[in-house]
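For reference, the structure discussed in these notes is given below.
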Amino acid sequence: MLKTDGVRDFLAVNIAVLTVSDSRTLEDDKSGIVLVNRIDKAGHRVAAREIVTDEIGLIVEKLNSWISNTSIDVVIATGGTGVTGRDVTPEAFVQVYEKEVPGFGELFRWISYQKIATSTIQSRATAGVAGGTYLFALPGSPGACKDAWDEILVHQLDFRHKPCNFVELMPRLKEHL
């Protein structure tokens, strides 16, 4: 079902990993480590990796900093997408989106449903574009990060993926600016 074009060369993209947590450090951030390892294995570059607390202002500030950094193509955040009081990642992301990509959250929850059934309803995974940068917000569990990367992002961030992918659209993301 998934196809890769043998004619096109792989294009590595620069990906920043953001963990949203009040309690994690870089050393014990299992979800961030999962993402970094998968990004490296796929042949992409980890352009930055940081942890910020569950504060809308801090998340927005970090996103805007990375969006304005021309050496970052994609931001993948993990954590803060649930429904508890401190879960504010989607609210922060919505503040910076120019365009939302609702299909990402829909597809993520469909994939997640196959594994955790109705518990997936608690996920507010989201994606969008701002300043020519793709933004993805994933739940904070390592399993959710594996699912999002292995079943969606590894393909959509591969220029060779057919019939279409996010990478081939990158040159056109700033057409309106």
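Annotations
- Scanning the stretch 39-48 for residues being part of a helix (DSSP H, G or I) and within 17 Å of residue 79 (Cα to Cα) gives a total of 0.
- Every condition in (1) closer than 23 Å to residue 156 by Cβ; (2) without any contact (Cβ under 8 Å) to a residue 12 or more places away in the chain; (3) of a type in the set (D, E, K, R) holds for residue 98 except the one numbered (2).
- All positions within the stretch 86-137 that are among the hydrophobic types (A, V, I, L, M, F, W, C), in a helix (DSSP H, G or I) and within 20 Å of residue 16 (Cβ to Cβ): 92, 93, 94, 96, 104, 108
- Counting only residues that are surrounded by fewer than 20 Cβ atoms within 10 Å (Cβ to Cβ), outside any loop (DSSP other than H, G, I, E, B) and out of contact with any Ser or Thr (no Cβ under 8 Å at 6 or more places or on another chain), the stretch 157-171 holds 4 of them.
- The set of residues from the stretch 150-177 being among the charged types (D, E, K, R) and in contact (Cβ under 8 Å) with a residue 60 or more places away in the chain comprises 150, 158, 160, 162.
- Restricting the stretch 51-79 to residues that are crowded, with 19+ Cβ neighbours inside 10 Å and part of a loop (DSSP other than H, G, I, E, B) leaves a set whose member that is farthest from the chain's Cα centre (by Cα) is 54.
- Comparison of 54, 9, 28 shows that the only residue that is acidic (Asp, Glu) and in contact with a Phe, Trp or Tyr (Cβ under 9 Å, 6 or more places away or on another chain) is 9.
- None of 103, 82 is at pLDDT below 95, surrounded by fewer than 21 Cβ atoms within 10 Å (Cβ to Cβ) and either within 17 Å of the chain's Cα centre (by Cα) or at positive phi (or both) except 82.
- Residue count for the stretch 125-156, restricted to those that are crowded, with 20+ Cβ neighbours inside 10 Å and farther than 19 Å from residue 14 by Cβ: 6
The values are calculated or read from the model by the stated rules, or taken from the named source; none is laboratory data. Keep in mind that what you see is a predicted model, and the values were worked out from it rather than measured. Ideal geometry is used to build each Cβ from the backbone, glycine not excepted, and the neighbour counts take in all protein chains shown.
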